[in-house]
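Derivation of every value follows stated rules applied to the coordinates shown; laboratory data play no part. What you see is a predicted model, and the numbers here were worked out from it, not measured in a lab. With ideal geometry, Cβ positions are generated from the backbone for all residues, glycine too; neighbour counts draw on all protein chains shown.
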Amino acid sequence: MTLRAATLRRKPVADLVAEGDHGTLKRSLGLGQLTMLSIGATLGSGIFVVLGEAVPVAGPAVVLSFVLAGVTALFSALSYAELAGMIPLSGSSYSYTYATLGELVAWVCGWCLVLEYGVSVASVAVGWGQYLNELLRLAFGFAIPDALSGPPGDGGVVNVPAILVVVLAMVLLLSGAKESARANAVMVVVKIGTLVLFCAIAFSAVQAKNFTPFLPLGLAGLSAGGAKLFFSYIGFDAASTAGEEAENPQRDLPRAILLSLGIVTVLYCLVAVAAVGALPWQRFDGQKAALSHVLDVVSDNPFWAGLLAVGAIVAISSVVLTVLYGQTRILFAMSRDGLVPAALSKVDAKSGSPRTNTLVVSAFVAVLAAFIPLGKLADATSIGTLFAFGLVNVAVLILRRRQPDRPRTFRVPLSPVTPVLGVLCCAYMMLSLDGATWLVFGAWMVLGLLIYFGYGIRKSRLA
């Protein structure tokens, strides 16, 4: 087989579906649990932490930045919904591109997902430590020393709280998917309640003058804020990584993806309006636990800020758990295809979870969370995600052309216009990110290609 033929080889959709139907993972998740999985993976540090970084960039227009990021996510969510119903596998967009664009592009997509899931878990773990410190400060008057609660370059030496939350999530995942889903459902209810509480208090302090000027940094600030806040929508695709553990994947996966995105978008916009309306946008600069800071100022009562910090800790724990879950399932699918070592697709007979995979991923994420600053992690996550989302939109267009009669439980409306808009929006958001982020992304891609041509191309099951 020539090099060109090897990189372009594809897995037929029928083979992928059959693989999922006879997989080793246990089918135990219903629509409610799948929706909670996606909400759990999405609703977290983006609103609790990254909002504080986006407001100084966009000003009050951060509300529209959320809308911009949400519309970009919606185009891709529609494509995910169609493909998840057709190809219900743990590999998510990696599997979709394997069926349409060939093995090399599938590897690149999977490598981007490793960046998306692995790095986003690390970044939200960093945010968890920030809110833990806020809670300790409000409740007990002290905080974990900077040396032990922040990475090098951000005033610290090692982020111990971030390591702790990753280890806790790892323990839950090792107990099995059903047990992890139950724990996540409880945490999702807590964090939705926390954001509703924030809105109730902050809206009582909203002042119209805080919204003027609405675009102090112009349209460039609006789009830069949207690029940063796209990180807040990462995770709606988590349900697609549970394709082999869903009880009725063809019906429930599309519903879970779109339902979760709708719920999250409404909450984000309400919280953003309440936050910038209650506090002048200039006062967000440098605030790591932004929402807790808003309540601390407007209520003049540390109890509410402390309660929100508790909710944020629970919320971010849920994100760490669910996104770490998605990462392990992506590597599970890549391992089953032979592109990464076989040990990563071995399933524990008792718990039904990929044990070695979970341990390896958790160790990788814990190291990232311990030593890399949040801002760099969030931007690197966004660019990898946008690239993968763009490929999903392309996959929809290709399968509509190649297999127009294949049964679909959900169809993207207004295709091909909608998927094309999805590709264009992803490209626009990627171009809004800074040069340093592109440099990191390029280095990550080079490393991935070296691994593929040095290992994956020879070990592939299609070889």
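The table that follows gives values for the structure above.
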read-out	value
Inter-probe distance in nm under a simple model that places probes 7 Å from Cα toward Cβ, at PHE453 and LEU431	2.8
Rounded to 10°, Cα long-axis angle of helix 374-402 versus longest principal axis of the chain	40
Calculated [θ] (222 nm, deg cm²/dmol) that DSSP helices of n ≥ 4 give over the chain, each run adding -39,500 (n - 2.57)	-22500 deg cm²/dmol
Sequence-separation-based contact order of the chain, relative, with Cα cut under 8 Å and 6+ spacing, percent	33
Per-residue HN-Hα couplings for the range 192-209 [Karplus 6.51, -1.76, 1.60; θ = phi - 60°; Hz; x = Gly/Pro]	5, x, 5, 5, 5, 4, 4, 4, 4, 7, 5, 4, 5, 10, 5, 10, 4, 5
Estimated distance in nm for a label pair at PHE211 and ALA342, the labels positioned 7 Å out from Cα along Cα-to-Cβ	6.2
Estimated vicinal HN-Hα couplings, Hz - the range 210-221 in sequence order (Karplus 6.51, -1.76, 1.60; Gly, Pro = x)	6, 9, 10, x, 6, 10, x, 10, x, 5, 4, x
Ranked packing of 359-371, 429-441, most packed first, by mean Cβ within 10 Å	359-371, 429-441
In sequence order, calculated HN-Hα J values of the range 83-98 (Karplus, 6.51, -1.76, 1.60; Hz; x Gly/Pro)	6, 5, x, 7, 10, x, 10, 5, x, 6, 5, 4, 5, 5, 6, 5
Euclidean distance of C-alpha centroids, the range 52-131 and the range 158-184, integer Å	21
Gain in span if fully extended, LEU359 to LEU168, counting 0.36 nm per residue against the direct Cα distance	67.6 nm
Chain lengthening between ASP285 and VAL417 when straightened (0.36 nm per residue, less Cα-Cα)	43.6 nm
Entries in LYS178/LYS346; LYS26/LYS178; LYS26/LYS459; LYS178/LYS350; LYS26/LYS350 that, when Cα-Cα distance is taken, lie over 20 Å	LYS26/LYS459
Residues in the range 410-438 that a label on LEU219 would reach, taking backbone N under 15 Å of a point 7 Å out along Cα→Cβ	428-429, 432
Whole-number Å³ per residue for the convex hull built on Cα positions in the chain	126
Ranked packing of 210-219, 182-191, 235-244, most packed first, by mean Cβ within 10 Å	235-244, 182-191, 210-219
Rough spin-label spacing in nm, given labels placed 7 Å along Cα→Cβ, for ARG402 and LYS178	3.6
Computed E for ALA5/ASP146 - FRET, C-beta separation, R0 51 angstrom, nearest 0.05	0.40
Full-extension gain in nm, ALA200 to VAL71, via 0.36 nm per residue minus C-alpha separation	43.8 nm
Whole-number D in µm² s⁻¹ for the range 302-387, Kirkwood Cα-pair radius fed into Stokes-Einstein, 37 °C, 0.692 mPa s	218
Translational D in µm²/s for the range 22-176 (Stokes-Einstein at 20 °C, 1.002 mPa s, Kirkwood Rh from C-alpha pairs)	115
